[in-house]
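What follows is a set of notes on a single structure, which appears directly below.
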Amino acid sequence: MISLRKNIAAMDRYVPGFQPDEPGWIKLNTNENPYPPSPKVVAAIQEELANGGENLRKYPDAGSKEARRVAAELYGVDPSWVIMANGSDELLNNLIRAFADAGDEVGFVHPSYSYYSTLADIQGAKVVTFGLTDDTRIAGFPETYTGKIFFLTSPNAPLGLGFHNDYISELAERCEGILVVDEAYVDFTDVSAMELVKKYENLVVTRTFSKSYSLAGMRLGLAVARPEVIAALDKIRDHYHLDRLALVAATAALKDQTYLRSTVSRICATRDWFSSELRQLGYQIPPSQTNYVFAAAPDADGKQVYDALFAHKILVRYFSDPLLSHGTRISMGTRGDMEKTLAVLSELD
């Protein structure tokens with residue numbers, strides 16, 4: 001029987017008795033986009049619901065052909081290089097299922113996305129983690145990594161630091177197995193490993209629609225990789241894994257890059273302003289390339305910061321992991337949300 005590792009850091013996001021949509025709260029703990037999705041997404045969903053919802057009685061396109069076509073055009077590849085998914089979590093799960101058997105090694109950076117560990121445990125894979133150096137390289141990474149899969153969150157969660165493509169290229173060459181670059185937050189920076197996919201047979205880039213596209217409620221993701229990798233993922237995914245509304249939302253969102261850039265620009269401007277203000281209060285903040293900051297108070301007591309904000313109905317993310325307990329991860333809300341957050345932090349001793 002598989003023994004699942006209890007990951008305390010992953011559990012910290014859940015607050016007993018708290019309802020995510022309670023009125024009066026400012027919710028800055030899950031990196032959701034504070035702005036609505038593109039109006040074209042809403043229009044596409046409404047069109048799909050026309051005629052009394054006639055389309056809903058019919059199964060969706062199991063192959064997600066139109067969404068794949070649009071994504072492929074955007075990223076400059078053939079549709080055979082793209083797969084759509086029920087959130088990027090489905091992709092991470094299926095990558096482990098496809099390429100790692102029980103007992104095989106799966107590696108990733110710690111700290112990064114804690115769900116990698118959970119998924120590897122379910123598969124019965126062996127988990128190996130690596131730290132980060134001060135110059136944002138992987139500490140102790142072997143010259144030849146023989147694990148079946150290595151997950152690299154770029155930009156990193158929860159620190160917000162990105163990895164340069166030269167370094168990702170180096171990692172791809174050193175990995176004998178699959179290198180998965182998890183680009184959940186890539187739209188908030190100007191560096192992406194997408195351009196490297198054609199160069200490296202073992203490289204997979206995953207994306208989510210939950211952050212920059214404001215579609216966390218639709219559960220959408222995609223991956224770009226060599227056709228043989230995509231074919232392997234296609235074999236093990238659920239047949240109808242995306243519903244009709246999700247598919248039209250994904251297609252419309254990908255087509256409206258103008259709205260995406262506008263929203264991302266607003267969030268990045270708020271992030272940079274908020275970071276500057278916190279640094280003036282003595283907070284240590286790594287340069288963020290995401291829609292959040294990891295902020296360490298002058299006394300390095302992340303729990304105190306979390307508790308003070310919670311008392312004012314502002315919810316941020318605190319990690320009990322010793323590597324992270326000195327700070328809190330604060331998602332970017334609207335400018336007004338962040339001004340209220342800053343006002344509370346300014347009053348802390």
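The values are calculated or read from the model by the stated rules, or taken from the named source; none is laboratory data. Keep in mind that what you see is a predicted model, and the values were worked out from it rather than measured. Note that each Cβ is placed from the backbone with ideal geometry, even for glycine, and that neighbours are counted across all protein chains shown. All accessible areas refer to the heavy atoms of the entire protein, side chains included, with ligands and DNA or RNA removed. Shrake-Rupley method; radii C 1.70, N 1.55, O 1.52, S 1.80 Å.
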* To do: Over the chain, give the accessible area per residue in Å² for a 1.4 Å probe, as an integer.
  => 45
* Structure fact -> In terms of the alpha carbon gyration tensor, root eigenvalues a ≥ b ≥ c, rounded if a/c is under 1.5 and otherwise prolate when a/b exceeds b/c or oblate, the range 170-216 is prolate
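Roughly what % of DSSP beta bridges within the chain run antiparallel, to the nearest 5?
The antiparallel proportion sits near 45 percent.
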* Output the Kirkwood hydrodynamic radius of the range 37-114, Cα pairs only, in Å rounded to one decimal. => 16.0
* Where the accessible area of the chain is counted over protein heavy atoms with a 1.4 Å probe, how much of it, in %, is carbon and sulfur? -> 50
* What distance in nm separates the simple spin-label points at Arg69 and Ala231, each placed 7 Å from Cα in the Cβ direction? -> 2.2
* Structure fact -> Of the convex hull enclosing the alpha-carbon atoms of the range 233-297, the direction-averaged projected area in nm² is 7.0
* What is the count of Lys pairs in the range 194-349 whose alpha carbons sit under 30 Å apart, if the two are 8 or more places apart or on different chains? -> 15
* Asked: Using a ≥ b ≥ c from the Cα gyration tensor of the range 106-207 (square roots of the eigenvalues), is it rounded, prolate or oblate, where a/c under 1.5 gives rounded and otherwise the larger of a/b and b/c decides, a/b for prolate?
  -> rounded
* Among rounded, prolate and oblate, which fits the range 250-342 when a ≥ b ≥ c are the square roots of the eigenvalues of its C-alpha gyration tensor, a/c under 1.5 means rounded, and a/b larger than b/c means prolate? -> prolate
* Structure fact -> Counting all Cα-Cα pairs in the chain, those more than 32 Å apart amount in percent to 32
* To do: May I have the pair-distance distribution P(r) for the range 15-161, computed from all Cα-Cα distances with 10 Å bins from 0 and rounded to whole percent?
  => 8, 23, 30, 27, 10, 2
* Structure fact -> If each part is reduced to its alpha-carbon centroid, the range 90-117 and the range 196-268 end up apart, in Å, by 19
